[in-house]
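Okay, structure first, notes after.
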Amino acid sequence: MPDLPVTSAEPLPVLVYDDTTALGRVQARALWHVVSRDRFELRPWRRLPLERWGLTPDDCRRALVWIGRDGAVSRGREVWPELLRHGHRFLRPAVRPAETLVRARARR
């Protein structure tokens, strides 16, 4: 059974990235292409009303930020499980190990 694209009636999650550096742009675009282009939006932080989600420019410069469909915000390491969860079907088995790794790092 093929992966079905998300319908346009649903709001897509947003991956917020730092477009002021070449590394930030390359990293974000690579993730967008690898994970899946039709499952989330890719937006530079300078084009978003950050205060709507309680974000600052420094938050977005330091790490990738994920804004879920429900408006929940994930930053830094917490972004990886969300990316995998919203990615192609072949990436989904990696969600649980990624979540375990994020929790283990948070305890340190």
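Looking across the stretch 64-108 at every residue that is of a type in the set (Val, Ile, Thr) and touching an Asp or Glu at 6+ places or on another chain (Cβ under 8 Å), the one that is farthest from PHE40 (Cα to Cα) is identified as VAL102. Considering (1) out of contact with any Ser or Thr (no Cβ under 6 Å at 6 or more places or on another chain); (2) within 24 Å of PRO97 (Cα to Cα); (3) at pLDDT 90 or above; (4) of a type in the set (A, V, I, L, M, F, W, C), the lone condition that TRP32 does not fulfil carries the number (3).
Number of residues in the stretch 28-45 that are free of Cβ contacts under 8 Å to residues at least 12 places away in the same chain and under 19 Å from ASP70 (Cα atoms) equals 0.
Can you find, within the stretch 51-63, the residue that is nearest to GLU41 (Cα to Cα) among those that are loosely packed, with under 13 Cβ neighbours inside 10 Å and of a type in the set (Lys, Arg)? It comes out as ARG52. Taking the stated definitions as given, is ARG69 in contact with a helix residue (DSSP H, G or I) (Cβ under 6 Å, 6 or more places away or on another chain) and not polar (S, T, N, Q)? For ARG69, the condition - in contact with a helix residue (DSSP H, G or I) (Cβ under 6 Å, 6 or more places away or on another chain) and not polar (S, T, N, Q) - is not met.
In this entry, VAL16 passes the filter for residues that are modelled with pLDDT of 85 or more and part of a strand (DSSP E or B). When the stretch 41-95 is examined, which residues are found to be of a type in the set (Ser, Thr, Tyr) and over 12 Å from the mean Cα position of the chain (by Cα)? Residue satisfying the conditions is THR56 alone.
The values are calculated or read from the model by the stated rules, or taken from the named source; none is laboratory data. Keep in mind that what you see is a predicted model, and the values were worked out from it rather than measured. Heads up, the Cβs are rebuilt from the backbone with ideal geometry, glycines too, and the neighbour counts pull from every protein chain shown.
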